[in-house]
Amino acid sequence: MNFRSVLKLSTNNLRANPLRSFLTMLGLIIGIGSVILIVSVGAGAQSLILSQVNKIGSNLIGILPGASDAKGPPASVFGIQVKTLINDDIKAISNDGRAHHIVAVAGYAQGQGEVIYENRSIKSGTFMGVSDNYPEVENVALQSGRFFTAEEESGLARVAILGSEAVNELFQGENPLGKTIKIKHTSYKVIGEFESRGSVAFTNQDKYIFIPLGTAQKIMLGWRHLSLIRAKIDDAANVDETIDSVKQILRQQHKLEGDAEDDFSVRNAAQAIDMLKSITDAFRFFLAAIAAISLLVGGIGIMNIMLVAVTERYREIGLRKAVGATKRNILNQFILETLVIATIGSALGIFGGAAISGIIAIVAKALGYDWSFIVSVTSILLAVVVGTLIGLVFGYYPARRAAGLDPITSLRYE
Amino acid sequence: MTDLIKIVKLNKQYENEDVVTPVLHELSFNIKSGEFVSIIGPSGSGKSTLMHILGFLDRLSSGEYFFEDKDVSKFTEDELAQMRSQKVGFVFQQFNLLPKTSVLENVKLPLLYVDITEGERDKRAREAVKSVGLEHRVNYLSNQLSGGEKQRVAIARALVNNPAVIFADEPTGNLDSKSGQQIMKLLYDLNTKEGHTVILVTHETYTAEHAKRILKLKDGNLVSDELVPEDRRQNAISGELK
């Protein structure tokens with residue numbers, strides 16, 4: 001029997017009921033779409049995490065105020081004020097011989113407020129008070145101008161270095177150097193502009209305004225404590241050793257003895273990767289569960305509709321047998337019909353899943369993240385194989401029922 | 001002329017949960033190639049069952065059935081399907097056309113199960129449509145046709161395989177008398193002009209008399225096997241009795 005004419009007949013039947021055909025496919029579309037989405041978003045997330053971590057550098061450690069267990073981040077991450085890190089801690093870490101792998105240490109104090117230049121403003125801008133060796137710690141270069149000096153920092157100078165996006169927003173093409181901006185009604189002289197960095201470790205510092213740490217603490221915030229300390233280590237291989245040393249130094253500095261819990265947490269990029277991985281893994285597992293259920297429900301849906309189709313087409317089946325169709329001819333026709341449904345459903349699922357993944361990639365890029373849109377050939381092959389298998393498995397039973405019909409009774413069926 | 005169909009002591013009974021229902025009893029007859037035979041009888045006489053057995057749609061319970069000297073009773077299901085594909089064409093009371101499908105595609109249906117090229121299928125189907133005088137309707141959908149036209153398409157479909165015998169099961173049963181008359185004239189012409197063997201199943205004597213010969217069934221027995229007098233046959237064909 002001619003394959004092309006059977007294929008044409010199969011598609012005729014699908015075209016006769018377009019809505020029903022679509023609904024039949026829907027479960028499969030969602031299932032296959034989820035598979036594509038999981039693999040694609042997983043690959044995108046992985047590329048993002050790698051690029052974020054590569055940018056921050058694997059030889060950097062961060063010290064956050066407040067305790068944290070191995071599973072979750074410390075409270076300060078969620079904006080809760082914890083005052084356990086102070087300026088003396090910076091000195092302690094940089095001067096202690098146990099942490100001799102540390103090259104540079106910088107303290108951070110972060111605040112929010114309106115930033116104004118002439119008639120333009122950033123409503124809730126972020127200003128970051130940092131130590132004078134911040135560019136060395138974060139490995140960042142200036143686009144123009146200069147960074148503030150140690151003297152300016154200790155002298156509570158009101159000078160600011162702007163991230164590239166902050167410059168664009170406030171100055172819109174004007175040269176910012178030498179201009180005066182106001183942060184929460186305090187005037188600052190702009191002395192430098194950082195080169196664009198994009199998003200690093202999931203924060204976009206291009207939007208920030210950097211001022212001397214002392215200025216931020218004493219004039220802007222009225223704090224003695226720090227939001228964060230970052231330390232640069234000579235080699236990534238010494239990270240674990242240095243983390244242990246830093247913990248010892250800080251416990252001593254904070255007078256924590258015996259079983260007392262740490263009131264700070266020390267982390268580095270590797271731990272950040274682990275944490276992010278556990279989040280993306282949960283996300284993947286969730287989608288995989290949806291995919292598995294949808295594929296099963298989709299398969300059953302297809303079988304259900306095909307069984308209805310067999311009943312509806314008793315006369316057609318009887319007629320085909322009367323004009324010479326063998327059991328195998330009928331079996332092939334109905335399996336092929338299910339396969340056509342499964343193939344179209346899989347194709348729509350692939351496009352749907354890829355489209356959603358593409359939207360996620362566009363949104364992530366718009367937010368400044370380095371997200372790659374990847375739809376792997378392997379995932380498409382997997383989707384096609386799974387779709388075809390579902391067509392065969394769930395199409396076989398209805399097809400066998402059709403093939404086994406007695407031509408006389410089915411011809412008389414009303 | 002050789003015997004196309006040879007039936008010897010054919011019995012048919014249906015068995016259902018130990019209840020045996022006899023349908024056909026000890027039938028014996030021959031049909032030669034080129035004949036036009038009517039099988040007539042009241043409903044329940046077994047005439048449709050006989051047609052199904054002769055047309056390879058059903059099996060006999062005992063006795064012998066030779067088609068072109070081959071013993072059909074020993075055929076496998078696939079061999080029977082092949083016989084249906086190559087040797088017979090059916091015309092049903094209900095037309096049984098595929099809905100929302102063109103005349104050409106409907107006529108082509110039996111050729112899907114024959115190993116020939118699509119071009120050949122198209123050519124043969126168009127010839128068959130032409131032979132029933134519907135070439136102007138070839139691209140119409142089956143539901144756009146009148147009852148008489150539908151039955152003509154069904155006849156074209158029965159002819160398209162160039163079968164050895166055409167079975168017509170109450171072909172005029174769903175038609176008005178004028179269309180019915182035209183369909184019977186078409187079957188008559190296929191027999192007399194084209195030489196096709198036609199076996200007609202009906203309960204109407206008048207319709208049966210279009211044939212040359214009538215086999216009469218009653219309660220599963222063959223009660224008579226007679227030739228139709230030529231004057232009665234001509235009356236039936238000219239439609240004078242109606």
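The values are calculated or read from the model by the stated rules, or taken from the named source; none is laboratory data. Please read all numbers here as calculations on a predicted model, not as lab measurements. Please note: Cβ atoms are built from the backbone with ideal geometry, for glycine as well, and neighbour counts cover all protein chains shown. Ligands, DNA and RNA are stripped out before the accessible areas are found, and what is left, the full protein with its side chains, is counted by its heavy atoms. Shrake-Rupley method; radii C 1.70, N 1.55, O 1.52, S 1.80 Å.
For this structure, a couple of remarks:
- Within-10-Å neighbourhood charge of B:Phe67 [Cβ basis; K, R +1; D, E -1]: -1
- Cβ-placed point charges (K, R +1; D, E -1), dipole of chain B about Cα centre in debye, nearest 20: 720 debye
- Region A:148-212: chymotrypsin sites (Phe, Trp or Tyr not before Pro) in DSSP loop, at most 15 other beta carbons within 10 Å: A:Phe202
- Volume per residue of the convex hull around the Cα atoms, evaluated for region B:38-105, comes out as 138 Å³.
- Cut-off 10 Å between beta-carbons: net charge of the residues surrounding B:Asn143, Lys and Arg +1, Asp and Glu -1: +2
- Nearest-ten-degree value, helix A:3-16 long axis tilted from longest Cα axis of chain A: 70 degrees
- Taking the 1.4 Å solvent-accessible surface of region A:83-262 as the whole, the part contributed by carbon and sulfur is 44%.
- Rg/Rh ratio calculated on Cα atoms of region A:83-262 (Kirkwood radius): 1.01
- Here the Gaussian network model covers chain A, with springs between Cα atoms less than 10 Å apart; of A:Asp274, A:Asp370, A:Asp89, A:Asp274 fluctuates the most.
- Value of [θ]222 nm, deg cm²/dmol, for chain A, DSSP H segments ≥ 4, -39500 (n - 2.57) each, nearest 500: -18000 deg cm²/dmol
- Test item: Cα-centred dipole of the protein assembly as shown, Lys/Arg +1 and Asp/Glu -1 on Cβ, debye: 1660 debye
- The mean number of partner chain beta-carbon atoms within 10 angstrom of a residue's beta-carbon across peptide A:323-335 is 5.
- Average beta carbon contacts from partner chains per residue of B:78-87, 10 Å cutoff: 4
- Residue by residue along B:99-106, Cβ atoms of other protein chains within 10 Å of the local Cβ number 2 on average.
- Packing-based order for A:93-102, B:105-114, using average beta carbon neighbours within 10 Å, highest first: B:105-114, A:93-102
- For the chain pair B and A, buried accessible area totals roughly 2100 Å², probe 1.4 Å, rounded to the nearest 100.
- Gaussian network model of chain A, Cα within-10 Å springs - most flexible of A:Ala403, A:Ala269, A:Ala342: A:Ala403
- Relative to the dominant Cα principal axis of chain A, helix A:327-366 is inclined by about 20°.
- With Cα atoms defining each centre, region A:180-198 and region A:278-306 are spaced 51 Å apart in the structure.
- Positive-end residue of B:Val91, B:Ser62, B:Ala81, charge dipole of chain B with Cβ unit charges: B:Val91
- Region A:44-64 and region A:130-167: distance between their alpha carbon centers, rounded to Å: 22 Å
- Between B:Leu227 and A:Ser278, the simple spin-label model (points 7 angstrom out along Cα→Cβ) gives 10.1 nm.
- For chain A, the longest principal axis of the C-alpha atoms and the axis of helix A:239-253 are separated by about 50°.
- Whole-Å distance, taken between Cα centres, linking region B:206-242 and region A:360-378: 82 Å
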